[in-house]
Amino acid sequence: MKRTIILSVFASLLGLVASAQGSERLIGTDWVTAKMGYISFPSDFDPIDTGWAFSGMGNWHVMDQLDIQGGLEYMSADDGGVELTITTINADALYFFQPNNKIKPYLKGGLAMVWTDVEVGGASADDSNLGYGAGGGAEFAMGDKAVMQLEGEYFVIDSDDSFGMDARMAYAFTPKLLGDVSLNYNFDSEITIFSFGVVYRLGGTRRR
């Protein structure tokens, strides 16, 4: 049921791209963001139902049509005597096409280090793994102040692979400060994360 709802949301967002217009953009600019998210776990994670995520990320436009991204995410859940924490540090390269168009397709790939800690009844176990991912998507200018990104990514951590999709919308309240909401869904673990936060644009105003 949840998967059907999530797919309907992504399909609805795809329907909005037909109206893509304007000049707002995140790709090809320098910015940092801070977010807080609400996590919904599937029944397989019982007794854990919900949790919280906190993340920070930066994007640097290093050369023509190439951005470098780096981020830190901390996820925490505590239900039914089970405490779960997951910390991820990642770095990605993003190559985008049609830099002057309102719709900018892109490819991305990178590495991630993941630390997992589980505590049950006072006993704990931890693990760390190196992972990698590759994917792509597109950014859509939805006006002179709004921008949307839709992307899918395949990633492998240890010997486990999965596919996730992410939808993101940002709105510029000032030339440098944007509000940011996003929805992430993993089709294998069925974990859903709804996040909101702010984006601060570094340097000058947006590049046309």
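So here's what we get for this one:
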quantity	calculated
Residues of the stretch 63-84 classified as at pLDDT below 95 and among the β-branched types (Val, Ile, Thr), total	1
Residue check, Phe45 at pLDDT below 90 and aromatic (Phe, Trp, Tyr)	yes
Near pairs, Cβ below 6 angstrom, 6+ apart or cross-chain, from the stretch 179-204 (hydrophobic (A, V, I, L, M, F, W, C)) to any residue that is modelled with pLDDT of 95 or more and part of a loop (DSSP other than H, G, I, E, B)	Leu202/Asp30
Qualifying residue in the stretch 146-156 (condition: polar (S, T, N, Q) and over 14 Å from Asp166 (Cβ atoms))	no
Tabulated pairs, the stretch 137-166, first under 14 Å from Pro105 (Cα atoms), second in a strand (DSSP E or B) and charged (D, E, K, R), C-beta under 7 angstrom, 6+ apart or interchain	Gly137/Glu151; Ala138/Lys104; Glu139/Lys104; Val147/Glu139; Met148/Arg168; Gln149/Glu139; Gln149/Arg168; Glu151/Asp166
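The values are calculated or read from the model by the stated rules, or taken from the named source; none is laboratory data. Note that the coordinates shown come from a computational prediction; the quantities given were computed from them, not determined experimentally. Using ideal geometry, Cβ is built from the backbone for each residue, glycine included, and neighbour counts are taken over all protein chains shown.
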